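Here is the structure we will look at.
Read-outs throughout are calculated quantities, based only on the coordinates presented, and are distinct from any laboratory measurement. Computed from a predicted structure; not experimentally measured. So basically every Cβ, Gly included, is an ideal-geometry build from the backbone, and we count neighbours across all protein chains shown.
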Amino acid sequence: MSPVIEVSNLRKAYGETTAVADVSFTVDSEEIFGILGPNGAGKTTTVECVSGMRRRDGGAIRVLERDPDHDGAELRELVGVQLQESQLPEKIRVWEALELYSTFYAEPADWRELLDAMGLSAQRKAKFGTLSGGQKQRLSIALALVGEPRIAVLDELTTGLDPAARRDTWALIESVRNRGVTVVLVTHFMEEAERLCDRVAVIDAGRTVAVDTPAALIKRVQDEHGLDRATLEDAYLALTGARL
Ligand SMILES: Nc1ncnc2c1ncn2[C@@H]1O[C@H](COP(=O)(O)OP(=O)(O)OP(=O)(O)O)[C@@H](O)[C@H]1O
């Protein structure tokens, strides 16, 4: 089976700042794929180039056998994006937001069913501004799924959530994958990546430094540093040049 996303030697600069110098990875169908890296490593820029929100300066990207720089309109129907911060007006009601997003797609999902799946049925008529952090997050996942995408790109999904809400969100992500959607997850939380992701790419200073399963990255750091037990956080710190 060919990968659903292929990124080779991606390069992207903003003026003098090289945000992405050389990033390569592939994502297989129905994987939960994590993108990890320190602040400013180029993670968001990478997923923006993949989802067609930014044009790359160099390298190649194929998403579902299309090029985001040339086939953006087609890919908008196939890739659902959850942005870092929800950009909805405070006064919009939950159902209105879903109805509005449905109009962006030729064949939208039944948003009532999505609302139910995300555990938000009781908040149907609530204004966005009155939702809790966890509810806002679940709404933004629902909005990313309204177009029945084949791929969902979720950027810093659980940032700002309490531990219980984070765990609820993890269960939801697994249910999204079980619907047949490939999930690309940008995250700072190593525990999240270790629990959820089939494979991860670690990006540091605009370059991929590793692409593997969490278990393989952990084994590598154990072998290299003679540790009995290590976590993905240990592997991440070793890969991004921090001391153990
Ligand atoms: N629109 C922009 N204009 C100019 N520079 C930018 C822009 N967006 C990002 N950058 C710069 O590009 C680099 C990579 O940023 P990017 O947001 O892709 O990293 P990131 O890994 O997602 O970071 P974070 O974890 O902090 O969200 C940083 O140095 C950032 O300051």
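Under 5 Å between amide hydrogens, built in the peptide plane, is the criterion, and for residue 204 it picks out 209 among residues at least 5 positions away or on other chains. Put simply, when 220-228, 51-59, 146-154, 67-75 are sorted by average Cβ atoms within 10 angstrom per residue, most first, you get 146-154, 51-59, 67-75, 220-228. Distance between the 7 Å Cα→Cβ label points at residue 175 and residue 195: 1.6 nm. The orientation-averaged shadow of the Cα convex hull for region 173-213, equal to a quarter of the hull surface, comes to 3.1 nm². Length gained on full extension, residue 116 to residue 216: 32.3 nm, using 0.36 nm per residue less the C-alpha separation. From its DSSP helices (H runs of at least four residues, each -39,500 (n - 2.57)), the chain gives a residue-normalised ellipticity at 222 nm of -10000 deg cm²/dmol. As a proxy for reagent exposure, 197, 49 were ordered by neighbouring Cβ count within 10 angstrom, fewest first; the result is 197, 49.
Couplings 3J(HN,Hα) for region 179-195, derived from phi with the Karplus relation 6.51 cos²θ - 1.76 cosθ + 1.60 (θ = phi - 60°), are 7, x, 9, 7, 10, 10, 10, 8, 8, 9, 9, 5, 5, 4, 5, 5, 6 Hz, where x marks Gly and Pro. Computed extension gain for residue 237 through residue 91, at 0.36 nm per residue and net of the alpha carbon distance, reaches 48.4 nm.
Database remark: amide H of residue 161 closer than 5 angstrom to no amide H (H placed geometrically; neighbours at sequence offset of 5 or more, or on other chains; Pro and chain starts carry no H).
Under the convention that each Lys and Arg Cβ holds +1 and each Asp and Glu Cβ holds -1, the size of the dipole of region 1-128 around its Cα centre is about 540 debye. For region 145-244, the residue among 196, 240, 158 whose Cα projects farthest onto the positive side of the dipole built from Cβ charges is 196. Of all DSSP beta bridges confined to region 111-244, the antiparallel ones make up roughly 50%.
Peptide packing: for 104-110, 17-23, the average count of neighbouring Cβ atoms within 10 Å per residue gives the ranking 17-23, 104-110, highest mean first. Calculated translational diffusion coefficient of region 27-102 (37 °C, 0.692 mPa s; Stokes-Einstein with Kirkwood radius over alpha-carbon pairs) equals 225 µm²/s. Whole-Hz Karplus values for region 107-116 come out as 10, x, 6, 6, 5, 5, 5, 5, 4, 5 Hz, taken residue by residue from phi with 6.51 cos²θ - 1.76 cosθ + 1.60 and θ = phi - 60°; glycine and proline positions read x. Most simply put, the chain has about 50% antiparallel DSSP beta bridges, counting only bridges with both residues inside it. Considering lysine pairs in the chain that are 8 or more places apart or on different chains, how many have Cα atoms under 27 Å apart? The result is 8. Positive-end ranking of 46, 118, 88 along the dipole of the chain, with charges on Cβ about the Cα centre, is headed by 88.
Using the Cα centre of the chain as the reference point, and only Cβ charges (+1 on K/R, -1 on D/E), how large is the resulting charge dipole? Debye, rounded to the nearest 20. Each step should come with its number before you reach the end.
On the way: 29 positive and 39 negative charges, 113 e Å.
That gives the chain a dipole magnitude of about 540 debye.
The distance between label points at residue 103 and residue 28 comes to 4.2 nm (points 7 Å beyond Cα on the Cα→Cβ vector).
Pairs of C-alpha atoms in the chain farther apart than 22 Å represent 54 percent of all such pairs. Scanning the chain for DSSP H helices at least 15 Å long along the axis (C-alpha atoms) with a Kyte-Doolittle mean no lower than -0.5 picks out 133-145.
The equivalent ellipsoid of region 48-139 has semi-axes of 30, 15, 11 Å, largest first, where each one is the square root of 5 times an eigenvalue of the Cα gyration tensor. Between amide H atoms placed 1.01 Å from N, distances below 5 Å from residue 81 occur with 153, all of them 5 or more places distant or on a separate chain. Here is the tail figure for region 93-212: Cα pairs spaced more than 17 Å apart come to 57 percent of all pairs.
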